């Protein structure tokens, strides 16, 4: 699993012009899933994510920040050959969605709430990256 973490002042995700998730200060996390992720320890991964000290040496929990999770299979794009990216490293939707849903549920248990995009939808994501701070977490840790 790849988590592209962005510290944001605000972020939102829209589907067909309708805002389905929005946050103030916190993290926008783009999530890429591969087939092997079915066996990941998501509790440990979520603990790492929400306790990253990227807010003036404080964590998301410390600042009571918000979290927006958006699925993005293109995090597994392979651009080594030719000019068309290959997405064979990404899990198929029927494999990825249950893993993504389990990640969101794990976050809800540890954080209390989370905003999300819509898995598999054509989404428009907007954000104000704070810093900018952008980190790539490769799981397992």
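Observations on the structure shown:
- The residues in the range 14-39 that are closer than 19 Å to residue 136 by Cβ and within 15 Å of the chain's Cα centre (by Cα) can be counted, and the count is 10.
- Counting only helices (runs of 4 or more DSSP H) that sit wholly inside the range 27-141, those with at least 1 residues that are surrounded by fewer than 15 Cβ atoms within 10 Å (Cβ to Cβ), out of contact with any helix residue (DSSP H, G or I) (no Cβ under 9 Å at 6 or more places or on another chain) and touching a residue at least 60 places away in the same chain (Cβ under 8 Å) are 42-50.
- Just one of (1) modelled with pLDDT of 95 or more; (2) closer than 25 Å to residue 14 by Cβ; (3) over 15 Å from the mean Cα position of the chain (by Cα) fails for residue 72. It is (3).
- Scanning the range 98-116 for residues that are over 20 Å from residue 24 (Cα atoms) and touching a strand residue (DSSP E or B) at 6+ places or on another chain (Cβ under 6 Å) yields one hit, 100.
The values are calculated or read from the model by the stated rules, or taken from the named source; none is laboratory data. Just so it is clear, the structure is predicted and the values come from calculations on it, not from any experiment. With ideal geometry, Cβ positions are generated from the backbone for all residues, glycine too; neighbour counts draw on all protein chains shown.
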